[in-house]
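The values are calculated or read from the model by the stated rules, or taken from the named source; none is laboratory data. In this text, all values refer to a predicted model and were calculated from it rather than measured experimentally. No Cβ is skipped: glycine too gets one built from the backbone with ideal geometry, and neighbour counts run over all protein chains shown. When the accessible area is computed, the model is the full protein with side chains, heavy atoms only, and any ligands, DNA or RNA have been set aside. Shrake-Rupley method; radii C 1.70, N 1.55, O 1.52, S 1.80 Å.
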Amino acid sequence: MLLPQPLATVATAAAATAVVVLSGASVANVYETYALVRQRRAHLQLPNAASSPPQSVLHAQRWASVDEAVEGLSDMTKKELMELFLHCDAPELSDLAYCDGKEELRMVYDGTLLGNGPILTLVTNFITNRLFGRGRPWLGKAYMSSGGLGKNRFAMRHSKSTAGESLDRTFNYSMGPSSLPSIASTSLFNRYAPHCQKLTPMSLFWGGMVDELRVVKLKNGSNRSRGKELLLLGMGYFSWSLGCWNSAPFCLVVRKAPWGVDVDDTERRQQRQMTPRDLRSAQN
């Protein structure tokens, strides 16, 4: 149906304004990240770099619990979160909490989206909770101990499953070199491209998605339990949208896995409960 000319003009103007605002926010995000990275690289090149860390890092060093840390991270600006990320180290793969194996040892990560400025925070929330989850709110991530595979956790749209959540959006995880400097200049990467091979617009869209994660160390070593890292700070981005320079921050906190059966069996059971419409949507 064609819109009347006045409405069409208003709609076009509104769309153009949205593009300009979003582009401006992204450019500001890129410039801020570039300035922080340049500053951090210069600092790492100094002999026995003795300058004091930024306030965001000093603040994090006073957190005595994971709950206090998540609250503190939620109050930080994107600039402060990136400053902290640049001072964090990558986790060891052996220190990740895994969702398979013995039932009493199964752990997953609860996720929290963090501040990314007044414009991009809204965009990130929409992409994560509406598009990425196909209408299901994002809950966090689950890592498998073998095969380098992980999945995202989403709230169920239907209440038939006793698990109360579903696993979707598979990724490969591995350690790798980072463009965002730290002492070791490495991060834990989650990459979605190997599982988005279809030549469809949405597959190409999600195929460019990357998560980059590092460990937030708490006061007195309270960031570890049973040898596992309890708190990870992540930067999510799309390779086709200026990559790590235009990232969105989030954090992951360990919790006991809510499943009483194997992860693969849980996923198959949840798929059997999906409607034909859900199954068609899952192919996108």
- line: The lone condition Thr128 fails out of (1) β-branched (Val, Ile, Thr); (2) in contact with a strand residue (DSSP E or B) (Cβ under 8 Å, 6 or more places away or on another chain); (3) open to solvent by 30 Å² or more (accessible area, probe 1.4 Å) is (3)
- prompt: Would you call Thr112 open to solvent by less than 50 Å² (accessible area, probe 1.4 Å), closer than 25 Å to Lys256 by Cα and not in a helix (DSSP H, G or I)?
  reply: yes
message: Exactly one condition in (1) modelled with pLDDT under 90; (2) over 28 Å from Lys151 (Cα atoms) is false for Glu103; which is it?
response: (2)
- request: Name, by its number, the condition in (1) of a type in the set (A, V, I, L, M, F, W, C); (2) open to solvent by less than 20 Å² (accessible area, probe 1.4 Å); (3) more than 14 Å from the chain's Cα centre (by Cα) that does not hold for Leu81.
  value: (3)
Residues of the stretch 240-254 satisfying the condition of being open to solvent by 10 Å² or more (accessible area, probe 1.4 Å) and in a loop (DSSP other than H, G, I, E, B): Trp240, Ser241, Leu242
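Going through Ala193, Ala282 one at a time, which residue ends up being within 23 Å of Ser166 (Cα to Cα), among the hydrophobic types (A, V, I, L, M, F, W, C) and modelled with pLDDT under 90? I'd like the intermediate steps shown before the answer.
Working: Ala193 fails: modelled with pLDDT under 90.
Exactly one of Ala193, Ala282 is within 23 Å of Ser166 (Cα to Cα), among the hydrophobic types (A, V, I, L, M, F, W, C) and modelled with pLDDT under 90, namely Ala282.
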field: Residue in the stretch 59-66 that is at pLDDT below 90 and exposed (fewer than 11 other Cβ atoms within 10 Å of the Cβ) present
entry: no
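Residues in the stretch 201-213 that are in a loop (DSSP other than H, G, I, E, B) and open to solvent by 50 Å² or more (accessible area, probe 1.4 Å): how many?
We begin by selecting, within the stretch 201-213, every residue in a loop (DSSP other than H, G, I, E, B); these are 208.
From the residues that got through so far, the ones that are open to solvent by 50 Å² or more (accessible area, probe 1.4 Å) too are none.
Here the count works out to 0.
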query: Does the stretch 88-97 include one or more residues that are modelled with pLDDT under 95, crowded, with 20+ Cβ neighbours inside 10 Å and in contact with a Ser or Thr (Cβ under 7 Å, 6 or more places away or on another chain)?
result: yes
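In the stretch 98-109, what residues are outside any loop (DSSP other than H, G, I, E, B) and open to solvent by 20 Å² or more (accessible area, probe 1.4 Å)? First the steps, then the outcome.
So the first thing to find is which residues in the stretch 98-109 are outside any loop (DSSP other than H, G, I, E, B), and the list is 103-105, 107-109.
Answer for the stretch 98-109, where residues must be outside any loop (DSSP other than H, G, I, E, B) and open to solvent by 20 Å² or more (accessible area, probe 1.4 Å): Glu103, Glu104, Leu105, Met107.
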message: Condition first: within 16 Å of Ser247 (Cβ to Cβ), in contact (Cβ under 8 Å) with a residue 40 or more places away in the chain and assigned to a helix (DSSP H, G or I). Now tell me which residues in the stretch 39-92 satisfy that.
response: Arg40, Leu73, Lys78, Lys79, Leu81, Met82, Glu83, Leu84, Phe85, Leu86
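Let's see how each residue does on (1) polar (S, T, N, Q); (2) farther than 18 Å from Asn246 by Cα; (3) under 13 Å from the mean Cα position of the chain (by Cα); (4) open to solvent by less than 10 Å² (accessible area, probe 1.4 Å):
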| residue | (1), (2), (3), (4) |
| --- | --- |
| Leu120 | no, no, no, no |
| Gly135 | no, yes, no, no |
| Gly140 | no, yes, yes, yes |
| Tyr143 | no, yes, no, yes |
| Lys151 | no, yes, yes, no |
| Ala155 | no, yes, no, no |
| Ile183 | no, yes, no, no |
field: Single match in Asp67, Asp100, Asp95, Asp75 (criterion: acidic (Asp, Glu) and touching a helix residue (DSSP H, G or I) at 6+ places or on another chain (Cβ under 8 Å))
entry: Asp100
